[in-house]
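Below: the structure, in C-alpha coordinates.
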Amino acid sequence: MKQGITQSPYSFTGDDIAGEGLKTGLRTLGDLAGIFADEKAYAAMDKGITAYNVKSIEPDPQGTRGGLYMGITYLESGKVGDEYFMTKGHFHLNPLSTEFYWGVKGEGMLILMDEERNVWAEKMFPGSLHYIPARVAHRVANTGSETLVFAACWPSDAGHDYGTIARDGFARRLLDVNGKPELV
Ligand code: S6P
Ligand code: ZN
(Lines give C-alpha, C1' and ligand atoms only; values in the text may rest on other atoms or scores of the structure.)
(Ligands and ions follow the chains in the order given, each with its own letter.)
Protein backbone atom coordinates (compact mmCIF):
# COMPACT_ATOMS: atom_id res chain seq x y z
CA MET A 1 0.00 0.00 0.00
CA LYS A 2 1.33 3.42 -1.00
CA GLN A 3 1.70 6.16 1.59
CA GLY A 4 3.34 9.58 1.67
CA ILE A 5 4.91 11.41 -1.25
CA THR A 6 5.74 9.15 -4.17
CA GLN A 7 6.68 9.59 -7.79
CA SER A 8 4.24 8.73 -10.54
CA PRO A 9 5.41 5.70 -12.53
CA TYR A 10 4.39 7.52 -15.74
CA SER A 11 5.56 10.59 -17.59
CA PHE A 12 4.18 12.69 -20.42
CA THR A 13 6.58 15.14 -22.02
CA GLY A 14 4.21 16.63 -24.56
CA ASP A 15 5.14 14.44 -27.50
CA ASP A 16 6.14 11.26 -25.65
CA ILE A 17 4.95 9.01 -22.88
CA ALA A 18 6.95 6.59 -20.79
CA GLY A 19 6.72 4.49 -17.69
CA GLU A 20 5.80 1.21 -16.14
CA GLY A 21 4.47 -1.38 -18.56
CA LEU A 22 4.72 0.88 -21.63
CA LYS A 23 3.33 -0.90 -24.68
CA THR A 24 4.55 -0.22 -28.21
CA GLY A 25 3.10 -1.18 -31.54
CA LEU A 26 4.23 -0.74 -35.13
CA ARG A 27 2.09 -0.74 -38.26
CA THR A 28 3.94 -0.95 -41.55
CA LEU A 29 2.39 -0.18 -44.91
CA GLY A 30 2.09 -3.95 -45.31
CA ASP A 31 -0.20 -4.07 -42.27
CA LEU A 32 -2.58 -1.66 -44.01
CA ALA A 33 -3.43 -3.89 -46.97
CA GLY A 34 -6.88 -3.20 -48.37
CA ILE A 35 -7.47 0.21 -46.81
CA PHE A 36 -6.25 2.43 -49.66
CA ALA A 37 -8.29 3.05 -52.81
CA ASP A 38 -5.40 3.02 -55.30
CA GLU A 39 -4.41 -0.65 -55.28
CA LYS A 40 -1.90 -0.18 -58.11
CA ALA A 41 -0.04 2.55 -56.25
CA TYR A 42 -0.13 0.44 -53.07
CA ALA A 43 1.26 -2.62 -54.87
CA ALA A 44 4.23 -0.60 -56.13
CA MET A 45 5.25 0.63 -52.66
CA ASP A 46 7.69 -0.86 -50.14
CA LYS A 47 5.49 -2.70 -47.62
CA GLY A 48 8.20 -2.54 -44.96
CA ILE A 49 8.03 1.20 -44.45
CA THR A 50 6.58 2.46 -41.21
CA ALA A 51 3.07 3.89 -41.42
CA TYR A 52 2.70 4.54 -37.68
CA ASN A 53 3.92 3.70 -34.20
CA VAL A 54 1.73 3.68 -31.10
CA LYS A 55 2.89 3.86 -27.49
CA SER A 56 0.39 3.31 -24.72
CA ILE A 57 0.09 3.11 -20.98
CA GLU A 58 -2.54 0.60 -19.91
CA PRO A 59 -2.45 0.39 -16.10
CA ASP A 60 -5.42 -1.98 -15.74
CA PRO A 61 -6.11 -5.21 -17.64
CA GLN A 62 -8.09 -4.79 -20.85
CA GLY A 63 -11.78 -4.96 -20.10
CA THR A 64 -11.54 -3.31 -16.67
CA ARG A 65 -14.59 -1.13 -16.06
CA GLY A 66 -13.71 2.37 -14.96
CA GLY A 67 -10.07 2.22 -16.09
CA LEU A 68 -8.42 4.58 -18.57
CA TYR A 69 -5.66 4.14 -21.13
CA MET A 70 -3.47 6.78 -22.69
CA GLY A 71 -1.58 6.52 -25.95
CA ILE A 72 0.47 8.48 -28.45
CA THR A 73 0.45 7.79 -32.16
CA TYR A 74 3.24 8.83 -34.56
CA LEU A 75 1.73 8.73 -38.04
CA GLU A 76 4.22 9.21 -40.87
CA SER A 77 3.71 11.60 -43.75
CA GLY A 78 3.06 10.03 -47.13
CA LYS A 79 0.47 9.10 -49.69
CA VAL A 80 -0.74 6.03 -51.51
CA GLY A 81 -1.77 7.54 -54.84
CA ASP A 82 -3.78 10.61 -53.79
CA GLU A 83 -4.73 9.20 -50.39
CA TYR A 84 -2.88 10.27 -47.26
CA PHE A 85 -1.25 7.76 -44.93
CA MET A 86 -3.85 6.91 -42.31
CA THR A 87 -4.57 4.64 -39.38
CA LYS A 88 -6.64 1.48 -39.83
CA GLY A 89 -9.54 3.01 -37.95
CA HIS A 90 -11.98 1.23 -35.69
CA PHE A 91 -15.27 1.22 -33.83
CA HIS A 92 -15.08 0.29 -30.16
CA LEU A 93 -16.30 -3.19 -29.26
CA ASN A 94 -18.09 -1.69 -26.29
CA PRO A 95 -20.54 0.59 -28.13
CA LEU A 96 -20.86 2.96 -25.16
CA SER A 97 -17.15 3.84 -25.14
CA THR A 98 -16.01 7.32 -26.07
CA GLU A 99 -12.49 8.71 -26.51
CA PHE A 100 -10.49 11.94 -26.55
CA TYR A 101 -7.84 12.65 -29.20
CA TRP A 102 -5.63 15.70 -29.19
CA GLY A 103 -3.15 17.06 -31.69
CA VAL A 104 0.47 17.39 -30.56
CA LYS A 105 2.60 17.96 -33.69
CA GLY A 106 2.00 18.19 -37.40
CA GLU A 107 -1.22 18.45 -39.37
CA GLY A 108 -3.91 15.90 -39.94
CA MET A 109 -7.56 15.07 -40.10
CA LEU A 110 -9.67 13.00 -37.75
CA ILE A 111 -12.21 11.16 -39.89
CA LEU A 112 -15.36 10.05 -38.10
CA MET A 113 -18.22 7.81 -39.19
CA ASP A 114 -21.40 6.92 -37.34
CA GLU A 115 -23.30 3.65 -37.64
CA GLU A 116 -25.48 5.10 -40.42
CA ARG A 117 -22.20 5.65 -42.32
CA ASN A 118 -22.37 9.45 -42.17
CA VAL A 119 -18.78 10.70 -42.42
CA TRP A 120 -17.30 13.98 -41.21
CA ALA A 121 -13.81 15.18 -40.33
CA GLU A 122 -12.07 17.52 -37.90
CA LYS A 123 -8.73 19.20 -38.54
CA MET A 124 -5.93 18.13 -36.21
CA PHE A 125 -3.06 20.45 -35.29
CA PRO A 126 -1.01 21.15 -32.16
CA GLY A 127 -3.58 22.02 -29.51
CA SER A 128 -6.67 20.65 -31.27
CA LEU A 129 -8.92 18.57 -29.00
CA HIS A 130 -11.43 16.02 -30.27
CA TYR A 131 -14.19 14.15 -28.52
CA ILE A 132 -15.18 10.92 -30.23
CA PRO A 133 -18.76 10.07 -29.27
CA ALA A 134 -20.07 6.55 -28.65
CA ARG A 135 -20.76 4.39 -31.72
CA VAL A 136 -18.53 6.51 -33.97
CA ALA A 137 -15.64 4.96 -35.91
CA HIS A 138 -12.43 6.97 -35.98
CA ARG A 139 -9.39 7.10 -38.22
CA VAL A 140 -6.62 9.70 -38.61
CA ALA A 141 -4.91 10.84 -41.81
CA ASN A 142 -1.63 12.76 -41.96
CA THR A 143 -2.23 15.68 -44.35
CA GLY A 144 1.09 17.40 -43.67
CA SER A 145 4.72 16.94 -44.62
CA GLU A 146 6.01 15.96 -41.16
CA THR A 147 5.14 13.16 -38.76
CA LEU A 148 1.72 13.72 -37.20
CA VAL A 149 1.78 13.16 -33.45
CA PHE A 150 -1.49 12.86 -31.55
CA ALA A 151 -2.46 11.55 -28.15
CA ALA A 152 -5.53 9.63 -27.06
CA CYS A 153 -7.31 8.68 -23.87
CA TRP A 154 -9.88 5.88 -23.89
CA PRO A 155 -11.64 3.50 -21.47
CA SER A 156 -9.94 0.20 -20.70
CA ASP A 157 -13.14 -1.67 -21.56
CA ALA A 158 -13.55 0.00 -24.99
CA GLY A 159 -11.96 -2.78 -27.04
CA HIS A 160 -11.33 -2.45 -30.78
CA ASP A 161 -13.55 -3.61 -33.60
CA TYR A 162 -11.27 -3.46 -36.66
CA GLY A 163 -13.31 -6.00 -38.60
CA THR A 164 -16.21 -3.72 -39.55
CA ILE A 165 -13.88 -1.13 -41.09
CA ALA A 166 -11.71 -3.81 -42.73
CA ARG A 167 -14.86 -5.19 -44.37
CA ASP A 168 -16.88 -2.07 -45.23
CA GLY A 169 -14.34 0.77 -45.04
CA PHE A 170 -15.38 4.35 -44.39
CA ALA A 171 -18.10 5.75 -46.64
CA ARG A 172 -15.81 8.61 -47.70
CA ARG A 173 -12.07 8.92 -48.30
CA LEU A 174 -9.75 11.82 -47.58
CA LEU A 175 -7.88 12.55 -50.80
CA ASP A 176 -5.40 15.18 -51.89
CA VAL A 177 -7.37 17.14 -54.49
CA ASN A 178 -5.13 19.77 -56.13
CA GLY A 179 -2.99 19.99 -53.01
CA LYS A 180 -5.89 20.22 -50.54
CA PRO A 181 -7.51 17.50 -48.41
CA GLU A 182 -11.07 16.74 -49.46
CA LEU A 183 -13.58 14.13 -48.30
CA VAL A 184 -14.60 12.30 -51.45
C1 S6P B 1 -6.97 3.47 -29.20
C2 S6P B 1 -6.71 4.79 -29.88
C3 S6P B 1 -5.37 4.94 -30.61
C4 S6P B 1 -5.29 4.07 -31.88
C5 S6P B 1 -4.09 4.44 -32.74
C6 S6P B 1 -3.94 3.61 -34.00
O7 S6P B 1 -8.33 3.34 -28.85
O8 S6P B 1 -7.79 5.07 -30.74
O9 S6P B 1 -4.30 4.69 -29.78
O10 S6P B 1 -5.23 2.72 -31.55
O11 S6P B 1 -4.17 5.78 -33.12
O12 S6P B 1 -5.14 3.55 -34.74
P13 S6P B 1 -5.82 2.15 -35.05
O14 S6P B 1 -7.09 2.48 -35.73
O15 S6P B 1 -4.86 1.36 -35.86
O16 S6P B 1 -6.05 1.49 -33.70
ZN1 ZN C 1 -10.61 4.23 -30.35
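The values are calculated or read from the model by the stated rules, or taken from the named source; none is laboratory data. Nothing here was measured: the structure is a model prediction, and the numbers come from that model. Note: ideal-geometry Cβ built from the backbone for every residue, glycine included; neighbour counts use all protein chains shown. Side chains included, ligands, DNA and RNA excluded: accessible areas come from the protein's heavy atoms. Shrake-Rupley method; radii C 1.70, N 1.55, O 1.52, S 1.80 Å.
Results, tabulated for the structure shown:
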item: Principal semi-axes in Å for the chain [√(5λ), Cα gyration tensor, largest first]; result: 29, 19, 15
item: Probe 1.4 Å, accessible area per residue of the chain, Å²; result: 54 Å²
item: Peptides 19-26, 164-171 ordered by average Cβ neighbours within 10 Å, highest first; result: 164-171, 19-26
item: Positive minus negative residues near residue 176 (Lys, Arg vs Asp, Glu; Cβ under 9 Å); result: -1
item: Net +/- balance of residues flanking residue 146 in space, Cβ distance below 10 Å, scoring K and R +1, D and E -1; result: -1
item: The range 156-184-the range 30-107 distance, computed between alpha-carbon centres (Å); result: 10 Å
item: Local net charge near residue 73, Cβ-Cβ under 10 Å (Lys/Arg +1, Asp/Glu -1); result: +2
item: Label point distance in nm, residue 68-residue 11, each placed 7 Å from Cα along Cα→Cβ; result: 2.1 nm
item: Cross-link pairs beyond the 22 Å C-alpha cut-off, checked among 47/123; 88/123; 2/55; 79/180; 47/180; 40/105; result: 47/123; 2/55; 47/180; 40/105
item: Protection proxy ranking of 150-160, 96-106, 5-15 - average other beta-carbon atoms within 10 Å, highest first; result: 150-160, 96-106, 5-15
item: Apportionment of accessible area to carbon and sulfur, the chain, percent (1.4 Å); result: 52 percent
